[in-house]
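J.: Handing you a structure now.
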Amino acid sequence: MYELAYDLIIILLKIFAILIPLMTAVAYLTYAERRLIGFMQVRIGPNRVGFFGFRMFGLGQPIADAVKLMFKEIVMPAEANRYLFVIAPILAIAPALAAWAVVPFGDGLVLADINAGLLYILALTSLGVYGVIIAGWASNSKYAFLGAMRSAAQIVSYEIAMGFALVGVLMAAHSLNLREIVLQQSGGFWHWYWLPLLPLFMVYLISGVAETNRAPFDVAEGESEIVAGFHVEYSGMLFAVFFLAEYANIILISMLTVLMFWGGWLSPFEGIPLLGAATAWIPGIFWLVMKTFFFMFCFLWFRATFPRYRYDQIMRLGWKVLIPVTIVWLVVLAVAIVAKLPPWFG
Amino acid sequence: MLENYLPILVFIGIGIAFGIGPIVIGAIMGPHRPDEAKTSPYECGFEAFEDSRMTFDVRYYLVAILFIIFDLEIAFLFPWAIVMNEMGWFGFTSMMIFLGILVIGFIYEWKKGALEWE
Amino acid sequence: MGFEKIIFYFFAAILVVSALRVITVRNTVHAALFLVLAFFTTAALWLMLEAEFLAMTLVLVYVGAVMVLFLFVVMMLDIDVSVLRAGFTRYLPVGATVAVVVIIEMSYFLLGGFDNSKFTPVKHGVEYSNTRAIGNVLYTDYLFVFEIAAVILLLAIVAAISLTLRKRKDTRYQTPGNQVKVRKSDRIRIVKDMDTES
């Protein structure tokens, strides 16, 4: 019994070692988003709130936001379904966080090294849609309901393309375990899966943006037509939890993209004569975080760059472009693997 | 194998707690002054016209049904993907027949216009 | 009682309670959500039997896909409870017959000596991959069944489309291909401004 308690404490400590940096990253992703989009639009962005009287480029902003939201009233709309109204944000954030249990941060640096890691992540991300549907229905508001239904149809459509893209990764790596998927890519920059699986990588990234309801696929929010979509009736901390879930999902998708297509924690200079040896001392987690930051930046960049798609365009892209592309590439990949085509599958 | 899943169970628990925690804090710290205008469903300042839970275009059901079918297809592809390199051309052919049959279905729904949104 | 058993009974209790709630609760949306919970705990129980792949697929397909459709339907169809209740007595004989048959079947197996040793799950090491084991037999030994599954799925696609797809005359389609192909010269014509010229 003591052994079990000891194990549980270790597990809890590890979980917090994942969650605390994650939550800090989420908080500062919101700040980075406002600053970066500000710069891209030749504005300044939030630059006032600092610590102890110093402005420090507005770095105190996310903390101030969190404190503000804490003291805001949670408005419960009349005729809303009270239980479901409160449960919806919990259903949104729990899978977004629990998926991190199988994410490896280095060789052996993983909380739960399960064999079905990728399947687990796909299963959990498929639960994310419940938060949206339930929120929209429980609010008993037309805008929320419209937003929820649109966004649910969008999420499920892109989940198919995403699943097909993952199948491609599995075919190349012969494993569902994320650690092994990364290790299969070792051998330098040109061995990472982005090159042999380039179409699948593009599909995964695009459907990742669509799954998280980010611009340009943010018709779920679509402030010009349905105000804020499924969370229009949410306020205070209930809203904050949805917000946290969205940003935790962005970071998750970015990191999964890196793990599956960009070599995870592997160094980009591996195998290069001088540079490889000179940078060998840098720990893998540095590369992992740097690559993840790049894709997080892409999410913000997309938002600043692309205008929102129309709904029929979104459905068309998901069903008529992404799914055929993935199916064709799966067949090509299958031939390449069975025929042991060099250089990647030799 | 099961011992690997213990952290996941704990993590799911923590994830749920992470959802409940802020809501409880918010409920305690925030004020509670509901009034009729505040709690009425938001509709651009108008009174709500009708019940918000309306019937929807059947197209949404179609998307959901097609999603189930393709999701099942993906579930079939997963075990194949990780053993296909060991099975050689035999495994390849069996999956290509499977995929071929489903691609026929996909082409059918495309031609029928089930993927169109107006 | 080991830790594993405690967890098993925990999930089993949730499963039984939520399954009961599915049929006792009034609100159809609540019932659907309890069914989601029931599926989820079933997946946890399967996982405890080391059926990783099946457990994950249960969550992926049933919770992630089938129940989403259920929710779509019960949320949007405006189901009138009183109409449903009116049919209750009419369908009662059929329902009761099915229930009795199921009870007889189950008791036949359960009372006829449940050989527990036959069903004790085999414990596998950390390296064991359930998915790989399934993959090794599904596409070779069970090839025929597997292809039949494809045909059933094809049938489902055709059935779903013929049941739900109705073309309305007044709908207008956009052809995105043509929209992309539009050039400036198709839409605008530059004319000389007469006023400034003179």
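J.: Using the number of other C-beta atoms within 10 angstrom as an exposure proxy, rank A:Phe145, A:Phe345, B:Phe18 with the fewest first.
T.: Listed from fewest to most nearby Cβ atoms, that is A:Phe345, B:Phe18, A:Phe145.
J.: Let me ask another. Helix A:236-261: angle to the longest alpha-carbon principal axis of chain A, degrees 0 to 90, nearest 10?
T.: The helix A:236-261 is inclined about 10 degrees to chain A.
J.: Another one. Give A:Lys320/B:Lys112; A:Lys14/A:Lys72; A:Lys320/B:Lys111 a once-over and call out the pairs whose C-alpha atoms are over 23 Å from each other.
T.: Values: A:Lys320/B:Lys112 13 Å; A:Lys14/A:Lys72 32 Å; A:Lys320/B:Lys111 11 Å.
In this structure, A:Lys14/A:Lys72 lie more than 23 Å apart at Cα.
J.: I'm checking a number: the convex hull volume of the Cα atoms of segment B:69-118, normalised per residue, in Å³. What is it?
T.: Measuring per residue, one finds 73 Å³ for the Cα hull of segment B:69-118.
J.: Assign one of three labels to segment A:304-346, namely rounded, prolate or oblate, based on the Cα gyration tensor with a ≥ b ≥ c the square roots of its eigenvalues; rounded applies when a/c is under 1.5, prolate when it is not and a/b is larger than b/c, and oblate otherwise.
T.: Judged from the Cα gyration tensor, segment A:304-346 comes out oblate (a/c at least 1.5, b/c at or above a/b).
J.: Rounded, prolate or oblate, given the Cα gyration tensor of the protein assembly as shown, with a/c below 1.5 counting as rounded?
T.: Since a/c stays below 1.5, the shape of the protein assembly as shown is classed as rounded.
J.: If you add up the charges near A:Phe306, with Lys and Arg at +1 and Asp and Glu at -1, over every other residue whose beta carbon is less than 13 angstrom from its beta carbon, what do you get?
T.: Within the 13 Å Cβ shell, the charges total +3.
J.: Determine the dipole magnitude for chain A: charges of +1 sit on the beta-carbon of Lys and Arg, -1 on that of Asp and Glu, nothing else is charged, the reference point is the Cα centre, and the result goes in debye to the nearest 20.
T.: Working: 20 positive and 19 negative charges, 160 e Å.
So the magnitude is around 760 debye.
J.: Now for a separate question. Using only the Cα atoms of segment A:46-92, build the gyration tensor, take square roots of its eigenvalues as a ≥ b ≥ c, and label the shape rounded, prolate or oblate: rounded if a/c is under 1.5, else prolate if a/b is larger than b/c, else oblate.
T.: Working: a/c = 4.73, a/b = 3.11, b/c = 1.52.
Because a/c hits 1.5 or more and a/b exceeds b/c, segment A:46-92 counts as prolate.
J.: Okay, next question. Per 5 Å bin from zero, what fraction in whole % of the C-alpha pairs of segment A:65-134 is there, up to the bin with the longest pair?
T.: 3, 14, 17, 15, 16, 12, 10, 8, 4, 1, 0
J.: Run the numbers on segment A:201-346 and let me know its relative contact order in percent, using alpha-carbon pairs under 8 Å that are six or more apart.
T.: Rounded, it is 28 percent for segment A:201-346.
J.: Which order results if C:Phe53, C:Phe3 are arranged by neighbouring Cβ count within 10 Å, fewest first?
T.: Arranged by neighbour count, lowest to highest, C:Phe53, C:Phe3 become C:Phe3, C:Phe53.
J.: Then there is this: Suppose a student asked you for the relative contact order of segment A:107-219, using Cα pairs under 8 Å spaced at least 6 residues apart; what percent would you report? All intermediate terms of the calculation are to be shown ahead of the outcome.
T.: Values: 91 pairs, mean separation 33.2, N = 113.
Across segment A:107-219, relative contact order equals 29 percent.
J.: Where does segment A:141-226 land on the Kirkwood hydrodynamic radius, alpha-carbon pairs, in angstrom? Please report the intermediate quantities before stating the final value.
T.: Working: mean 1/r = 0.0687 Å⁻¹.
Over segment A:141-226, the inverse of the mean reciprocal pair distance is 14.5 Å.
J.: First select every other residue whose beta carbon is under 11 angstrom from the beta carbon of A:Gln154; then total the charges, Lys and Arg +1, Asp and Glu -1.
T.: Once all neighbours under 11 Å are counted, the net charge is -2.
J.: Per DSSP H run of n ≥ 4, the term is -39500 (n - 2.57); total these for the protein assembly as shown, divide by its residue number, and report the mean residue ellipticity at 222 nm rounded to 500 deg cm²/dmol.
T.: For the protein assembly as shown, the value works out to -21500 deg cm²/dmol.
J.: How much net charge surrounds A:Met40 when only other residues with a Cβ under 13 Å from its Cβ are counted (Lys, Arg +1; Asp, Glu -1)?
T.: With Lys, Arg at +1 and Asp, Glu at -1, the neighbours total +3.
J.: Then there is this: Over chain A, how many percent of alpha carbon pairs lie in each 20 Å bin up to the one with the longest distance?
T.: For chain A, the pair-distance distribution reads 27, 58, 15, 0.
J.: Then there's this: Let me know the longest stretch in chain A that avoids all trypsin sites (Lys or Arg not before Pro) found in a DSSP loop with at most 16 other C-beta atoms within 10 Å.
T.: After excluding every exposed loop site, the longest remaining stretch is A:56-309.
J.: Could you put A:His191, B:His32 in order, starting from the residue whose Cβ has the fewest other Cβ atoms within 10 Å?
T.: Starting with the residue having the fewest Cβ neighbours, the order is B:His32, A:His191.
J.: Where the centroid of each part is defined by its Cα atoms, how far is segment A:43-112 from segment A:312-346 in Å?
T.: Each part's Cα centre sits 36 Å from the other's.
J.: If you don't mind, another one. Taking Cα atoms, how many degrees apart are the long axis of helix A:284-305 and the longest axis of chain A, rounded to 10 and kept between 0 and 90?
T.: Tilt relative to chain A: about 50 degrees.
J.: While we're looking at this one, here's another question. If one takes the longest principal axis of the Cα atoms in chain A, at what angle in degrees, from 0 to 90 and to the nearest 10, does the Cα axis of helix A:198-211 lie?
T.: 20 degrees
J.: In percent, how large is the relative contact order of chain A, given Cα pairs closer than 8 Å and 6 or more residues apart?
T.: Answer for chain A is 20 percent.
A short reminder: the numbers here are calculations on the coordinates, not readings from a lab. Quick caveat: nothing in here was measured; it's all calculated off a predicted structure. Heads up, the Cβs are rebuilt from the backbone with ideal geometry, glycines too, and the neighbour counts pull from every protein chain shown.
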